[in-house]
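Reading through the structure tokens given below for one structure.
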Amino acid sequence: MLRLSSPEGDPAVGGQTLRDHADPLKALASDALRGDPDAQRTLLVALGPSLVRVIRAIVGSNHADVDDVLQETMVAVHEALPSFRGECSTTHFACRIAVHTSMNASRRARHRGRYTPLAPPEELAAQAGDAPSPVEALAAARRREALRQLLDELPPAQSEVLALHIVLGYSVEETAASTGVPVNTVRSRLRAALSALRLRVRTDATRREVMGAGQ
């Protein structure tokens, strides 16, 4: 189950901050920052799998615009490289951009009328595939889709930190490093986001059932 837990006291991964972790793409990113076109292309290719995973986690694996969002994200990463100062790993920097473009794409789809209610169980069951436990896979798929819809309803600053922390599993420290804001600001935004989500779940019977509220 996706936990909507409090961010208080959340430790950094392995008890360390992002600054303590080696960045395997650091040298490549440095070459790309210096304007080396081969390095820029190689860097985007290396980041591709991570960006795709983030995009699919935010908009859904079967979203019609996954390829378009990936292209938009790669352009955004390329354009944002000059602002990268190494506060986090290159991958975390790029994944934060992927979260931003993915959530914008999700909101655009909703405003264009392409946003649909929670898919029926039989449709999500088909998406779950040959999981060891079809019932659990279906429940997890429905929770993920419900969470995506809830994220769309939050202010962008709150939905961004919640996506990084809950959907992608970043620690509070990693989220702060990726977004460039203080740890306490991240905690404040997470508390506000979680409070808003809990209210929405409590006041919606379908969401209460899907998210397993009170269980």
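Per-structure values
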item: Candidate set: region 136-195, residues that are within 23 Å of residue 105 (Cα to Cα), in contact (Cβ under 8 Å) with a residue 40 or more places away in the chain and charged (D, E, K, R); chosen: the one surrounded by the fewest Cβ atoms within 10 Å (Cβ to Cβ); result: 153
item: Residue that is nearest to residue 94 (Cα to Cα), among those in region 22-62 that are among the basic types (Lys, Arg) and within 16 Å of the chain's Cα centre (by Cα); result: 53
item: Answer residue from region 40-58, given it is among the β-branched types (Val, Ile, Thr) and within 15 Å of residue 24 (Cα to Cα) and is surrounded by the most Cβ atoms within 10 Å (Cβ to Cβ) among those; result: 42
item: Residue 111, sole failed condition from (1) modelled with pLDDT under 70; (2) assigned by TED's automatic domain parsing to the domain that holds residue 70; (3) buried (at least 18 other Cβ atoms within 10 Å of the Cβ); result: (3)
item: Pair list, Cβ under 8 Å, 6 or more apart: region 59-81 residue surrounded by 13 or more Cβ atoms within 10 Å (Cβ to Cβ), other residue not in a helix (DSSP H, G or I); result: 59/65; 69/63
item: Among the residues listed as 66, 77, 45, the single one being under 20 Å from residue 161 (Cα atoms) and assigned by TED's automatic domain parsing to the domain that holds residue 28; result: 77
item: Helices (runs of 4 or more DSSP H) contained entirely in region 145-215, each with at least 3 residues that are outside the structural domain of residue 60 (by TED's automatic domain parsing) and among the charged types (D, E, K, R); result: 183-202, 205-211
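The values are calculated or read from the model by the stated rules, or taken from the named source; none is laboratory data. Please read all numbers here as calculations on a predicted model, not as lab measurements. Every residue, glycine as well, gets a Cβ built from its backbone with ideal geometry; the counts of neighbours run over all protein chains shown.
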